[in-house]
There are 4 protein chains.
Amino acid sequence: MLYFRNDYSEGACPQVLDALADTNLIPTAGYGTDQFCAAAADAIRSLCEAPEAQVHFLVGGTQVNKTAIGAFLRPYEAVIAADTGHICVHETGAIEQNGHKILALPVQDGKLTAGLVRAAVERHCDEHMVLPRLVYISNTTEVGTVYSLSELTALSGCCRELGLLLYCDGARLASAMTVEGADTSFADYARLCDAFTIGGTKNGLLFGEALVLTNPALFPHFRHAMKQQGAILAKGRLLGVQFDAVLRDGLYLQLARHANAMAAKLRQGLLELGYSMAVNSPSNQIFPILTPTQEERLREECAFEVQSRDDHGVCVRFVTSWATRGEDVDALLKFMEENA
Amino acid sequence: MLYFRNDYSEGACPQVLDALADTNLIPTAGYGTDQFCAAAADAIRSLCEAPEAQVHFLVGGTQVNKTAIGAFLRPYEAVIAADTGHICVHETGAIEQNGHKILALPVQDGKLTAGLVRAAVERHCDEHMVLPRLVYISNTTEVGTVYSLSELTALSGCCRELGLLLYCDGARLASAMTVEGADTSFADYARLCDAFTIGGTKNGLLFGEALVLTNPALFPHFRHAMKQQGAILAKGRLLGVQFDAVLRDGLYLQLARHANAMAAKLRQGLLELGYSMAVNSPSNQIFPILTPTQEERLREECAFEVQSRDDHGVCVRFVTSWATRGEDVDALLKFMEENA
Amino acid sequence: MLYFRNDYSEGACPQVLDALADTNLIPTAGYGTDQFCAAAADAIRSLCEAPEAQVHFLVGGTQVNKTAIGAFLRPYEAVIAADTGHICVHETGAIEQNGHKILALPVQDGKLTAGLVRAAVERHCDEHMVLPRLVYISNTTEVGTVYSLSELTALSGCCRELGLLLYCDGARLASAMTVEGADTSFADYARLCDAFTIGGTKNGLLFGEALVLTNPALFPHFRHAMKQQGAILAKGRLLGVQFDAVLRDGLYLQLARHANAMAAKLRQGLLELGYSMAVNSPSNQIFPILTPTQEERLREECAFEVQSRDDHGVCVRFVTSWATRGEDVDALLKFMEENA
Amino acid sequence: MLYFRNDYSEGACPQVLDALADTNLIPTAGYGTDQFCAAAADAIRSLCEAPEAQVHFLVGGTQVNKTAIGAFLRPYEAVIAADTGHICVHETGAIEQNGHKILALPVQDGKLTAGLVRAAVERHCDEHMVLPRLVYISNTTEVGTVYSLSELTALSGCCRELGLLLYCDGARLASAMTVEGADTSFADYARLCDAFTIGGTKNGLLFGEALVLTNPALFPHFRHAMKQQGAILAKGRLLGVQFDAVLRDGLYLQLARHANAMAAKLRQGLLELGYSMAVNSPSNQIFPILTPTQEERLREECAFEVQSRDDHGVCVRFVTSWATRGEDVDALLKFMEENA
């Protein structure tokens, strides 16, 4: 069975597993107050060129979005997001459970623009409506697209002008920073966002998202917010050890480059075979359109997800990862050729 | 440096780490819908003699308490707990963050009784007061004491009579089931409680709490509640693999027996040296009383926590675990003898 | 100055004020447990032909929506509503503050259909998404349109088939039941909805919304939910006295008939003058389109609200009420004629 | 039947009712943005000698406590209160429903002290515990006692030193300011508290609590918080009209003086008859101790509430108000004499 379902189908990359084994019996203080977390946080601050940033380690993506956004907002404040945003659809109302409305703006390519944000703010003009306060973006987006540096810069400028916080969900940040033509760096996110995450789960760790806070207004008592959300891991060391392992020697970006390369090969092959793509996504998620018959046959050979279905066909999603093998891409392309 | 600070100072027991390494590259479906979680859930249902029970795997203790209690209650319903209960003090108001008041009853030994519960219910008689609906207990308790089978049975009977749910926080359930004279089994908790947890974090896993729901009224849509709380791990397999590893061949209880034996040796030694205990706790947490001078000296040799301070002395907490070595107990006793 | 801003610009109709004065010094029990509330609730049960219904009296519209929906849903359950719905826009995220996502469906005429509801339910298929559980409608809608009996019946049937609760916000229910061609009665709402409100604030009371619960699953402990939301009025008698006053001798519908007649006269007059309407609304809210110049001049003569502005003109809202005088309608029409 | 059950058994004092009738047909803008609310707010700012204060008008006591405290706190912040505090017991967990833990401190006389507050703050030392942030007091307290100016000053000083907000629930503030020996004024509350309420419901209004915010950090977007809680009355004018009526010519304090005088007469009479009091309360609530037989007989003649029962007798509560008649006090005393 081929596996293109997602980028968290396997455990961890070998270096992460080795690091966990090597440090396993060293006793440490709990809750992320250990030396491994300190080292990983330092590594992140250094990569971000943000020596004053707060860095926190959490276990999962929904958890970090829920904890951070819940901590940042006052009760009547709202989030602006693209309607494809992970928090809008696939987190079971986690943001609303903390009391906050999400203003979901319809977009085609998964990306917000300054114009969209500005118009949403203007529509919310008095106390009978929620107060927009935070802009949520994902990079890469949920449809595999990537914000360029100029897009991020424009959005950040708009947010600062309007008094909005800019939060970037970086569950797939490594992929965004390593696609062909990528022009953003850790330091750019630190400079342009008020807070962002550096995803581990989808890039070679067993689990873990690093949350970087650069706006000092967000610093006070953030660990209280984490604990209240059940988001401080007792053996917090596990997060420090894992991040430390991938942040050394560029491994973190190297893993993403591999995933992106596998996706590029697959995309290129499919285009050559005449398949069309629902979205032009340069990262590790691609969205070819199959016929229902093709989809049905493929199910017997390959694990994947269906993004949508309509009269034009079935839009499927193929995801590659640090663990994807070239031979599996070849096998998938061969199957797609035989069933073209 | 000696380490008696807690039972989650190290990583995982070797069998758990091996199981993670052995299964690392097997691709699986995400979110705990994999074969390893299925196997571990089956093992738990079997141990609990509860073939119909729902079993869910979550990452941490605060997370599982918050998720379960939040899912079980309607907005105006309240929790009854001992004032020493973990949810009352050390979870940063996580239960309240979900909207529920905790009625914290003053107790000396960490344990609720049917009489205390009944009186609390009687005090809440109309719609101007919260409606008590769930009784939270911990076993072992936060002060190391253990509920006997007859105590649990009495509490369960009272709860059923009064229409209350009984929830047992089993972060240290293994210790409770293996202290000298222990008379409760997995099946007893399944039979007497509506829901309970089987703790992994404090008994040899990297992390993980298994939540067992035996009351069918609590089943519907529980995974929705988990996801909303950010409490479904993407690589859920990690929880299944770990629980599967310790539930095989009795390892889970064996690890706790070791921890209890180390604590018993330490307690016995301290009593022989003339130290007194603040609580008579038979499990893996003990609470000797030191002088301020003793405490200060000990800090240089040993990691531990202070429970309380007053004119009678300093009540410290020593915790043993699956990882505690007999030689470290000897070393601590030697120190305590020299400083008696 | 003419007043067509809303239907709550004045105090109460004379009968209501008299009833309050007449009963003012009679001491009663608090919190709505008095004889006046009992009588008003009986009157409502009788009008609704629902002898088993629970009737509760609350002060305001946002309060009753928030309290009822919050009490009915479990944390991960969501509301389906038209995107024009009052709860979607003009209640400052009150539903979300209680933890619930609203799935806002785009509509043109303010009304949901069975087809829209069914499609929304089908899009929410697993635990990574919220669980649709309640359908919120308003009658009249926020754009002045009215559900017919057949529309309500279809919606109700769809909800029951799909296991959804149907909740009708009746802030302007009296208007809906008295427009020309209206074919719904109190008993229809009681039969087709699980819960609905009978609005007082916008139909001659100082304040007050009656909430009618007909689905017995919603009965238990509802007053606990009210109290927790700060929604039990200490002098609850005031609500009973007022509702009792208008429900006697058909006054409640008579007040709405007057408001509708005033709106009809205004609408007819404007159409004859050549003005067009943004929505074909038969009730006490009408939405003519003016030029910016007309709007500007009108501001000096009349209080009203602007619904929207675009290149086609300014859509304004005129609202009539029990207190609207025929001579004021004439004066407004005269102005509109002079400025046509 | 005599009525000593509470101070909200009747409607409004005549001056309030007259003011409502006089202004009834004047159309105004909604939601408290009218001229009557503006005048009442000005009157309050003037009485408080706080020209910069924000004044908001809400309908009820639980509503204002819930709205204000919910708006002031961040999610992990907690309230310190006396365990007799209204928010601790008789608001059905309204504060917790907004996500905040209340640290309820055991007291005998209903009053917090700087020492109690300081100790509570010291017990909450890290992120595993909630962060105390607001001190809630009631004046008069729920057991009829009254804070003196020196007590309030000490508490205020302690709060400012520790970075805590001081909030005074003034549901019975008028009674507190008019008991014999009272030494506090509106201006003192404005100077010493960050926010406090001026109660109307229990002092002659149909309903209404004025919330005074003096700490500018609490100002931004407070009306958003009100609307989200369903706490902006559509016909907000009703609150302005009523407060305006009682704040003119000292009526507000005069009504309370009458209530206090009636209570003093009753208390003095009961003491002379040999009854003892459970609490030495100088305000409009008194707490005599009866025998079970006395209580039973009294039920046939008089409406009142039972505070508590134990082996020493039945502690009942008699409450007087602006509406209490001297002849009713005489009648009650006569009954108590005959049954002494």
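Details
- About its Cα centre, the dipole of chain C is roughly 740 debye, where the only charges are +1 on Lys and Arg Cβ and -1 on Asp and Glu Cβ.
- Segment C:14-250 - percent relative contact order, Cα under 8 Å, separation 6 or more: 32 percent
- Label 7 Å beyond Cα on the Cβ vector: D:ALA119 copy-to-copy distances, nm: 2.1, 6.1, 6.4
- At most 11 other Cβ within 10 Å, DSSP loop - GluC sites (Glu not before Pro), segment B:267-340: B:GLU300
- With all pairs of different C-alpha atoms in the average, the Kirkwood value for the hydrodynamic radius of segment D:218-268 is 13.8 Å.
- Around B:ILE95: net Lys/Arg minus Asp/Glu count, Cβ-Cβ under 10 Å: 0
- Sorted ascending by nearby beta carbons within 10 Å, beginning with the fewest, C:LEU253, B:LEU206, B:LEU25 become B:LEU25, C:LEU253, B:LEU206.
- Segment D:99-200, relative contact order in percent, only Cα pairs under 8 angstrom and at least six apart counted: 27 percent
- Computed over chain C, the alpha-carbon pair-distance distribution with 10 angstrom bins reads 6, 25, 32, 24, 11, 2, 0, each value a whole percent.
- Shielding score for D:15-24, defined as the mean number of other chain Cβ atoms within 10 Å: 3
- Counting from the shortest, the label point at C:GLU272, 7 Å from Cα toward Cβ, is 7.7, 7.8, 11.0 nm from the same position in each remaining copy.
- Cβ-based net charge around C:THR140, under 12 Å, with every Lys or Arg adding one and every Asp or Glu removing one: -1
- The shape of segment A:57-106 comes out oblate: with a ≥ b ≥ c from the C-alpha gyration tensor, a/c is at least 1.5 while a/b does not beat b/c.
- Take C:SER185, move 7 Å from Cα toward the beta carbon, and the resulting point lies 6.4, 6.5, 7.7 nm from the same point in each other copy, nearest first.
- Where only DSSP H runs of four or more residues are counted, chain A gives -12000 deg cm²/dmol as its mean residue ellipticity at 222 nm, each run worth -39500 (n - 2.57).
- The rotation axis bringing chain B onto chain D passes closest to the chain B residue reported with its distance as B:GLU96, 2, by C-beta distance in whole Å.
- Using only alpha-carbon positions in segment B:74-162, the gyration tensor eigenvalues give semi-axes of 20, 17, 10 Å once each is multiplied by 5 and square-rooted (largest first).
- Centre separation in Å (Cα based) which lies between segment C:266-320 and segment B:161-210: 67 Å
- The residue list B:VAL246, B:GLN228, B:GLY115 was ranked by how far each Cα lies along the charge dipole of segment B:14-250 toward its positive end, using unit charges on Cβ atoms, and B:GLN228 comes out on top.
- In the frame of its principal axes, the protein assembly as shown has Cα extents of 84, 84, 54 Å, reported largest first.
- Principal axis analysis of the Cα atoms in segment B:1-114 yields extents of 48, 45, 29 Å, listed in decreasing size.
- Summed residue charge, Cβ within 11 Å of D:ARG237's Cβ, Lys/Arg positive, Asp/Glu negative: -2
- Using only alpha carbons, segment B:90-229 has a radius of gyration to Kirkwood radius ratio (Rg to Rh) of 0.95.
- Put simply, the amide H of A:CYS302, placed in the peptide plane, has neighbours under 5 Å in A:LEU2, leaving out anything fewer than 5 places away on its chain.
Rule-based calculations on the coordinates, nothing more; no lab input. From a predicted model like this one, the values you see are computed outputs, not experimental measurements. All Cβ positions, even for glycine, are placed from backbone atoms using ideal geometry, and neighbour counts span all protein chains on display.
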